[in-house]
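Some notes on the structure that comes next.
Since every read-out is calculated from the coordinates, none of them should be taken as a lab result. The shown structure was predicted, so the numbers you read here are calculated from the model rather than taken from an experiment. Using ideal geometry, Cβ is built from the backbone for each residue, glycine included, and neighbour counts are taken over all protein chains shown.
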Amino acid sequence: MRQIIEGILIAFDSVRSNKLRSSLTILSIAIGIFAISGSTSAIDSLNSSVSRQLQEIGEYSFSITRNPKVSFSIGFRRFARRKPITYKLAKELQSELTTTSLVSVENSTTTSIKANTGITSDPDVEVTGVNEYYFTVNNTPIEDGRAISMEDVFNKQSVAVVGNDVVVKVFNGNNPLNQTITIGSTNYTIIGVLKSKGAVMGQSQDNVVIIPITTYNEKVNDNRFSSVDITIKAFSKPELIEIMDETTGILRSLRNVKPGEENDFELLSNENVSNQFSTFTSFISVFGAASGVIALIVAGVGIMNIMLVSVKERTKEIGIRKAVGATRTTILFQFVVEAITMCQIGGILGVSISYVGLLLLGHFTNIEIVFPINSILLSLLICTVLGSSFGLYPAWKASKLDPIEALRYE
Amino acid sequence: MNQPIIEIEHISKVYEMGSEEIFALRDVSLSIYPNEYVAIMGPSGSGKSTLMNMLGCLDTPSSGVYNFKGLDVNEMDDNDLATIRNKEIGFVFQTFNLLPRASSLRNVELPLIYAGESTTKRKQRAEEVLASVGLQDRMGHKPNELSGGQRQRVAIARALITNPAIILADEPTGNLDSKTGVEIMKLFHDLHSKGNTIILVTHEEDIARHAHRIVRLKDGLIESDEKNSQPTYYETI
Ligand SMILES: Nc1ncnc2c1ncn2[C@@H]1O[C@H](COP(=O)(O)OP(=O)(O)OP(=O)(O)O)[C@@H](O)[C@H]1O
Ligand SMILES: [Mg+2]
């Protein structure tokens, strides 16, 4: 232990006295570790954010959207010419499906609302038009009052279910049931309050107003070509596969997709998200590992070089140490520890840079960042291996020096 | 008298220079007893440093027997030699051989690091020895912040720190002016009077006269080995 500390102290000393060479070497290690740890921590963070999305979709559910919700592949342009998935299309699909399932349809926008308390909200409230299956399929329980019913949808009722944030913000936390809110120029009676979901990825899930989709299509967004999101819930895995097949068939014929052409809509289930996702993560890891390994080999050669020069320059020092009783093993150990220390400095730098990078990424993309414990451990390991393997030869050379000749060296 | 610390018999050291063989030492025999104060003299190239390095276990003879405290040094491996250098021998060099970037304190505690001593013990002992050579207020100075005489004191403190059986000094005053040289010789005088065993290489008669026994080398051979009946004497401080 004492030897390790001593080695580390000597290492810092020699790093300080060979500033340029050391900083170049440390930099190349930092780059290598950055590439490797950056990609592993990015994958960690993506994994956790994707698994949350998968949870939201639910085990036996899949959703149908015009454009991919989570896209890991490049080429957004081809989605722009797709026909919308209208509410009308959703209803046709619903009536043609033969397998038992729940078909939830939703469309949403963000706007401001006004309550009969006189308070107007910020324009950040998510107003969602839904059908009666929305609550079951999306696992959105009601805390108080009732949900949107089939009759509400059929009769285009002006009723609303609100989230907890809305209660707090425009009703000052008072019971909002049977109160009214105004969206645009329409008044809605509040019939229910959602159970609070809290925040996901830093965004509150409770700042919502839910109304019948028919009302939504008429009053909030009357653009007939606006696309809705459809989520279908089956009751078992085989049924899920069956419904997905059936849905694909029905949608292709309703949307006149010719045989051999690609689907002009997206089916998103647990499985194909994981598939897409693993293609993407393996791309990141291969790329990260490849560039990391190259950088680390360069760094390793750098370490070896700086250590060889350092052994040469410090021949006299080695002679002195041997003269006062350092054994070969001690000298070998000292130089290996020195190489490892230099690598670790680079490693810490690399991990820090990649963590800062990730935090920035998280800040701009809403992907929640996982503390990169994996990549820290990985970096510790890599740096130790790198330092000891590339530092071994110079250290061995140092340990073999003859004390008298080393002392005579000028 | 009691057992010799150092006992060499028929030691030779040969350097091969191409086809030529250079005898740095030829058939040298010598015994050094506890608390002796020996000066080794001789002209340049006579083999003084070669002999000292061998006695200090830094170098190995080409032939002959070397017993250190009764143990055969030729039988020892690298680790044993390192241990002897660490624990039993304090070497003082003409060129000081201090670590240039380390403070006096760190230079002095270096042997204890390799002896596996704890940090606190090391520091305490190093301060003690530095004080004993009169450098209590120069602990944090690096070698280039010290005078030549002070550097040699640091080197002597380093040689003393493990309480070695013998102190070997190869021209310790060679790089110093005569006044500073005398101060260093006073220090050796004190060490000897406290019971240390000292071997000192010099080619200055003035310096050699401090010792109680003078060995003269010439061309790798012992020319003479005599008692010095009237060594230069200092009042012990
Ligand atoms: N590594 C070596 N290779 C070849 N010859 C050597 C080597 N080291 C010493 N010698 C030779 O051995 C002889 C003795 O050298 P040594 O250094 O012991 O002399 P010295 O008495 O200490 O001289 P000085 O008073 O100048 O220091 C010299 O002739 C020298 O040239
Ligand atoms: Mg010499």
Could you go through segment A:176-185 in sequence order and give the Karplus-derived ³J(HN,Hα) for each residue, using 6.51 cos²θ - 1.76 cosθ + 1.60 with θ = phi - 60°, rounded to whole Hz, and x for Gly and Pro? x, 4, 6, 7, 10, 10, 10, 10, x, 10
Nearest-0.05 FRET efficiency for B:N144 and B:K87 at R0 = 30 Å, using Cβ-Cβ distance, is 0.50
Could you tell me the center-to-center distance, by alpha carbons, between segment A:112-146 and segment B:71-126 in angstrom? 79 Å
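At a Förster distance of 51 Å, what's the computed FRET efficiency of A:Y409 paired with B:Y234, Cβ-Cβ distance as r, to 0.05? Intermediate values should be presented prior to the final figure.
Numbers: r = 37 Å, r/R0 = 0.72.
In this case the efficiency is close to 0.90.
What chymotrypsin sites (Phe, Trp or Tyr not before Pro) in segment A:156-227 are in a loop by DSSP, with at most 10 other Cβ atoms within 10 Å of the Cβ?
Those that pass, being in a loop and sparsely packed, are A:F225.
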Between A:V370 and residues 5 or more places away or on another chain, the pairs with built amide H atoms under 5 Å apart involve A:S45
Placing +1 on each Lys and Arg Cβ and -1 on each Asp and Glu Cβ in segment B:6-227, then taking the dipole about the Cα centre, the residue among B:Q152, B:I199, B:G18 whose Cα reaches farthest towards the positive end is B:Q152
How large is ³J(HN,Hα) for each residue in segment A:353-359, as worked out from phi by the Karplus curve 6.51 cos²θ - 1.76 cosθ + 1.60 (θ = phi - 60°), to whole Hz, x for Gly and Pro? 4, 5, 5, 4, x, 5, 4
Roughly what % of Cα-Cα distances in segment B:6-227 sit above 24 Å, to the whole percent? 43 percent
So in the protein assembly as shown, what percent of DSSP beta bridges are antiparallel if you round to the nearest 5? 70 percent
Point-to-point label distance, A:S352-A:T99, nm (Cα→Cβ direction, 7 Å offset): 5.4 nm
Packing-based ranking, highest mean first, of A:247-257, A:311-321 given that Cβ atoms within 10 Å are counted: A:311-321, A:247-257
Say R0 is 60 Å: what FRET efficiency, to the nearest 0.05, do A:N139 and A:L20 get from their beta-carbon distance? 0.50
Any idea what log10 I(q)/I(0) is at q = 0.10, 0.17 Å⁻¹ for segment A:83-264, Debye with uniform C-alpha scatterers and no solvent? -0.43, -1.06
Can you tell me, using C-alpha contacts under 8 Å and at least 6 residues apart, the relative contact order of segment B:127-237 as a whole percent? 20 percent
Phi-based couplings in Hz for segment A:46-51 (Karplus 6.51, -1.76, 1.60; Gly and Pro marked x): 4, 3, 5, 6, 6, 5
Quick check: Cα centre of segment B:162-209 to Cα centre of segment A:300-321, how many Å? 33 Å
Any idea what the relative contact order of segment A:83-264 is, in percent, if you count C-alpha pairs under 8 Å spaced at least 6 apart? 30 percent
Simple spin-label estimate for B:K121/A:K156, 7 Å along Cα→Cβ, in nm, reads 9.4 nm
Sketch the reach of a paramagnetic label on B:R101 as a point 7 Å from Cα along Cα-to-Cβ, and name the residues of segment A:265-309 whose backbone nitrogen lies under 20 Å away. A:302-309
Tell me, what is the percent relative contact order of segment B:6-227, built from C-alpha pairs under 8 Å that lie six or more residues apart? 30 percent
Average the reciprocal distances over every distinct pair of alpha-carbons in the protein assembly as shown, invert the result, and give the Kirkwood radius in Å. 32.0 Å
Any chance you could check the Cα centroid distance between segment A:169-248 and segment B:12-56 for me, in angstrom? 99 Å
Mind checking the mean number of beta-carbon atoms from other chains within 10 Å of the Cβ atoms in B:78-85? 5
Just checking the protein assembly as shown: which Cys have no other cysteine's beta-carbon under 4.7 Å? B:C57
Do any of A:K322/B:K13; B:K142/B:K227; A:K156/A:K195; A:K312/B:K194; B:K194/B:K227 go past 31 Å between their Cα atoms, and which? B:K142/B:K227; A:K312/B:K194
According to a simple spin-label model (label point 7 Å from Cα along Cα-to-Cβ), what is the distance in nm between B:D27 and B:H203? 2.6 nm
Mean ellipticity per residue at 222 nm, deg cm²/dmol - from DSSP H runs of n ≥ 4 across chain A, formula -39500 (n - 2.57): -18500 deg cm²/dmol
What does the extension gain come out to for A:N263 and A:D122, with contour length at 0.36 nm per residue minus their alpha carbon separation? 46.9 nm
Rank by packing, highest mean first: peptides B:174-187, A:330-343, with packing defined as the count of other Cβ atoms within 10 Å averaged across residues. A:330-343, B:174-187
Can you tell me which of B:52-59, A:150-157 comes out highest on packing, and rank the rest after it, using the mean Cβ neighbours within 10 Å? B:52-59, A:150-157
Out of the DSSP beta bridges found with both residues in segment B:6-227, what percent are antiparallel (nearest 5)? 60 percent
Other chains near A:324-334: what is the mean number of their Cβ atoms within 10 Å of each residue's Cβ? 6
